[in-house]
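Structure first, then comments.
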Amino acid sequence: MAERSPPRPPSADELALEYPLGDALPAPGQVIELRPGVRWLRMGLPFALDHINLWLLADEMDGRRGWTVVDCGIDNPATRANWEQVFASALDGLPVLRVVVTHMHPDHIGLAHWLCARFGTPEHECRLWISATDWHVARLAVQAGQGQGGSDAADFFASHGLVDAASLDKVRARRGYYASLVPAVPTRYARLHEGLVLHIDGRPWRCIAGYGHAPEHIALYREDDALLISGDMVLPRISTNVSVYEAEPEADPLPMFLDSIERLRALPEGTLVLPSHGRPFRGLHTRIGQLQRHHDARLADVLAACRAAPCSAAEMLPVLFGRALDLHQTTFAMGEAVAHLHALWRRGQLRRGRGADGVWRFGAA
Ligand SMILES: [Zn+2]
């Protein structure tokens, strides 16, 4: 969640991609059929990034016809109402058979508990399918005090130079933020992992694990007609959030992310990519190259700034983002700034030191 989405005209990078559906978007509660039995729907989000794409895949399990849902939306009344419209008009009267979740961020897993409970029967449990890592982290995060808030998060941001007392107070007060969007996570699940093949309506979809955005993100690839449900790992318009969080303060997620998207180059360039945010597109290799150049350029900017004078992550925000950010964006931006600093620190191009003020600064190695 929380990739950045400033309003702006299409960039040269976006124009280099092909959008086979043009400007078509599913209306609330409606679907667009992309292939027979592959339907696209959208749910709103109350963030700068204002929507998420979800997918419905026609399926059959234990002799019952129905739907595999991929990702869920956050749990709020508007999203539940939107789903009700989908149940009434877009499922051909058939049930949801299982809920596949690409990763544990709230916009993807929020309503999994509700969908599983609603469509589970004594004879047929409607199961959540997710990576083991993300299921466990989600189960921990629903407990109040974890996930983008609380005193640990505030201390972490302060140690990286976010000293504005009002912002830190808001972060500290945001205990239970994750649970406000994801009130529950199913207590049982089915495990997705790298290389696992899901047979959805008899057609194989291969799980592709990706790192650096979520603990263990799973994308799904159908080889026979080159269809990739990319989740948040490859997005057409915005760059995926790659952040360091307080629970793993020395993390180095950026190389993990870049390695993960590099591995997706093994898929054909003509793959139709179904991203969680933005429009379905073709041009996978082009987009991977754009993202690699984007991060290379940001790393170069950060390196140059830190070589001029040791910098904290907070001091990198104008270098990396160059615009005003709200609190929600600031916390993600801080995580991203630390990720870029750590990539340079871990590869030996910067060294870090902690000042008497308790703030980490990164300078020339
Ligand atoms: Zn995400």
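Under a 5 Å amide H cut-off, with hydrogens placed 1.01 Å from N, His51 pairs with Leu45 among residues at least 5 apart or on other chains. Each residue of the range 250-261 is assigned a 3J(HN,Hα), and the resulting list reads 9, 4, 10, x, 5, x, 5, 5, 5, 5, 5, 6 Hz, derived from the Karplus form 6.51 cos²θ - 1.76 cosθ + 1.60 (θ = phi - 60°), x at Gly and Pro. Over the range 191-308, the hull volume per residue, using the convex hull of the C-alpha atoms, is 111 Å³. Calculate the FRET efficiency for Glu262 and Ala304 from the Cβ-Cβ distance with a Förster distance of 30 Å, rounded to the nearest 0.05. Efficiency, from the Cβ-Cβ distance: 0.75.
Computed from phi, the 3J(HN,Hα) profile of the range 32-44 under the Karplus parametrisation 6.51, -1.76, 1.60 (θ = phi - 60°) reads 10, 7, 8, 9, x, x, 10, 10, 10, 9, 10, 10, x Hz, with x in place of Gly and Pro. In the chain, taking the dipole from charged Cβ atoms about the Cα centre, the farthest positive-side position among Leu350, Gly120, Ala179 is held by Leu350.
Could you tell me how far the Cα centroid of the range 94-119 sits from the Cα centroid of the range 302-327, in Å? Here the two parts' Cα centres lie 38 Å apart. Annotation: amide H-H contacts under 5 Å for Trp67 (H modelled 1.01 Å from N, sequence separation of 5 or more, or interchain): Asp59, Val96, Leu97, Arg98. Rounded to the nearest 20, the size of the Cβ-charge dipole of the range 7-102 about its Cα centre is 200 debye, with Lys and Arg at +1 and Asp and Glu at -1.
A cut-off of 5 Å between modelled amide H atoms, ignoring neighbours fewer than 5 places along the same chain, links Trp129 with Val99, Val100, Val101, Ala190.
Within the range 163-203, list the trypsin sites (Lys or Arg not before Pro) lying in a DSSP loop whose Cβ has at most 12 other Cβ atoms in a 10 Å radius.
Values: sites: Lys170, Arg172, Arg174, Arg175, Arg188, Arg191; in loops: Arg174, Arg175, Arg188.
The qualifying sites are Arg188.
For the chain, just say rounded, prolate or oblate: build the C-alpha gyration tensor, square-root its eigenvalues into a ≥ b ≥ c, call rounded for a/c under 1.5, and beyond that prolate if a/b exceeds b/c, oblate if not. In terms of gyration-tensor shape, prolate. Atom-type composition of the exposed protein surface of the range 35-177 places 54 percent of the accessible area on carbon and sulfur (1.4 angstrom probe).
Which loop GluC sites (Glu not before Pro) in the range 223-276, with loop taken from DSSP, have no more than 15 other Cβ atoms within 10 angstrom of their Cβ?
Details: sites: Glu223, Glu246, Glu250, Glu262, Glu269; in loops: Glu246, Glu250, Glu269.
Of the GluC sites (Glu not before Pro), the ones in loops of the range 223-276 whose Cβ has at most 15 other Cβ atoms within 10 Å are Glu250, Glu269.
For the range 242-299, which whole-number percentage of the solvent-accessible area (1.4 Å probe, protein heavy atoms only) is attributable to carbon and sulfur atoms? The partial results should precede the final answer.
On the way: 1150 of 2120 Å².
Taking all protein chains in place, the range 242-299 shows 54 percent carbon and sulfur surface.
Model label sites at Gln30 and Arg188, defined 7 Å from Cα along the beta-carbon direction, differ in position by 3.9 nm. Here the Karplus relation 6.51 cos²θ - 1.76 cosθ + 1.60, evaluated at θ = phi - 60°, turns the backbone of the range 116-125 into coupling constants of 5, 5, 5, 9, x, 10, x, 7, 9, 6 Hz, with x for every Gly and Pro.
The values are calculated or read from the model by the stated rules, or taken from the named source; none is laboratory data. A quick note: this is a predicted structure, and the numbers were derived from the prediction, not measured. Quick reminder, even Gly has a Cβ in these numbers, built from the backbone with ideal geometry, and neighbours come from all protein chains shown. Ligands, DNA and RNA are excluded from the accessible area calculation, which covers all protein heavy atoms including side chains. Shrake-Rupley method; radii C 1.70, N 1.55, O 1.52, S 1.80 Å.
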